[in-house]
Amino acid sequence: MNGQDIDAASNREAHSPRLAQTALLTALAMLAFAGNSLLCRFALKETAIDAASFASLRLVSGALALALIVRLRHGGNATRAGDWRAALALFGYAASFSYAYASLPAGTGALILFGAVQVTMITHGLLKGERLGLLQMAGFVAACGGLTALMLPGVHAPSLSASILMAGAGVAWGVYSLRGRGSTNPLAANAGNFGRASVLTLVLSGMLWRFAEFDAPGVASAIVSGALTSGVGYAIWYTALRALSATQAAVVQLTVPVIAALGGVGLLGETLTLRLVVTSIIVLGGVAAVVGGAARRLEAA
């Protein structure tokens, strides 16, 4: 074995643990994101907590968890990062997400949410002058059509009002993601935005106080959703993102609706309908075509 072979073998040995670590962190992050859907659906279906209280407890506990993580990692003040516009988008996402899951199954909600996020971000790119190839445009149309088909009236159609709310949550999350793309410290920015959004959601809870309901399982679900699957989940995701391309990051998030749907069937006793399966294939396949086309263009450039 010559020197070059030895160096190549050494590089592979050093690279393998990093790949395994990235794969593990990515899998944990996707489980956390799906967990948010399952926890919210469980809380609003099986416990007494109301949607506004769930959203408030989720954002407050998430803000505290993220602030602690930022302080432990960097020793800084998380409240100085972020901005109110991003916080408003985060508030819109969290509030709409909670109210939508009062009626939507976990898998359906996750599909509408992540489909709307991707459509929002793709549309933003188009408005900024990005151009799609024929396959990408077909994928974009298919994704939009699949989401529309899922929400159309029918035997197994989800609640239209809840679907619109979840689509709005996806748009808000897409806007929030776009605003955070240029952040030099995304973890600190998220902590600051969660803190600001907590103020907004507490105002909402105060306005709706007479409708507030609590019980121990509902409160626990909201706190776990905020501190663990949101706060710690986002911290894990941002660590994994350092080793992922933008395309890989976009594609891997397409697994979340699938995980949420399977979790809803296995843990919450929900039904996996043919309508959801077919529209999932159309939406996720369409988004994958857009993202994959973008990746091939970058490689060819």
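The values are calculated or read from the model by the stated rules, or taken from the named source; none is laboratory data. Just so it is clear, the structure is predicted and the values come from calculations on it, not from any experiment. Reconstructed Cβ throughout: ideal geometry from the backbone, glycine too, with neighbour counts over all protein chains shown.
Condition check: at pLDDT below 95 and surrounded by fewer than 17 Cβ atoms within 10 Å (Cβ to Cβ). Does residue 210 satisfy that? Yes; evaluated as a whole, the condition is true for this residue.
Scanning region 16-73 for residues that are among the basic types (Lys, Arg) and farther than 25 Å from residue 170 by Cα returns 18, 71, 73.
Just a yes or no: is a residue in region 128-139 within 29 Å of residue 60 (Cα to Cα) and out of contact with any Asp or Glu (no Cβ under 8 Å at 6 or more places or on another chain)? Within region 128-139 (the criterion being within 29 Å of residue 60 (Cα to Cα) and out of contact with any Asp or Glu (no Cβ under 8 Å at 6 or more places or on another chain)), the answer is no, since none of the residues qualifies.
Based on this model, can you work out whether residue 106 counts as more than 18 Å from residue 268 (Cβ to Cβ) and modelled with pLDDT of 90 or more? When the stated conditions are applied, residue 106 does not pass them.
Hydrophobic (A, V, I, L, M, F, W, C) and crowded, with 17+ Cβ neighbours inside 10 Å: is that true of residue 166 in this structure? Taking the combined requirement at face value, the residue satisfies it. Residues that are modelled with pLDDT of 90 or more and of a type in the set (Lys, Arg) within region 173-204 comprise just one, 196.
With a requirement of 1 or more residues that are touching a residue at least 60 places away in the same chain (Cβ under 8 Å), closer than 27 Å to residue 44 by Cβ and hydrophobic (A, V, I, L, M, F, W, C), the helices (runs of 4 or more DSSP H) lying completely within region 170-258 that satisfy it span 186-207, 216-224, 233-241.
Criterion applied to 226, 192 was being touching a Phe, Trp or Tyr at 6+ places or on another chain (Cβ under 9 Å), closer than 20 Å to residue 69 by Cα, buried (at least 23 other Cβ atoms within 10 Å of the Cβ) and not aromatic (Phe, Trp, Tyr), and the one residue passing it is 226.
A residue that is among the charged types (D, E, K, R) and buried (at least 24 other Cβ atoms within 10 Å of the Cβ) occurs nowhere in region 84-92.
Put simply, of 116, 162, 86 the only residue that is without any contact (Cβ under 8 Å) to a residue 60 or more places away in the chain, part of a helix (DSSP H, G or I) and not hydroxyl-bearing (Ser, Thr, Tyr) is 116. Among the criteria (1) surrounded by 15 or more Cβ atoms within 10 Å (Cβ to Cβ); (2) of a type in the set (Gly, Ala, Ser); (3) part of a loop (DSSP other than H, G, I, E, B), the one residue 129 does not fulfil is (1). Which residue is modelled with the lowest pLDDT, if the candidates are limited to region 286-301 and must be loosely packed, with under 15 Cβ neighbours inside 10 Å and either within 17 Å of residue 116 (Cα to Cα) or aliphatic (A, V, I, L, M) (or both)? Only one residue tops the list, namely 298.
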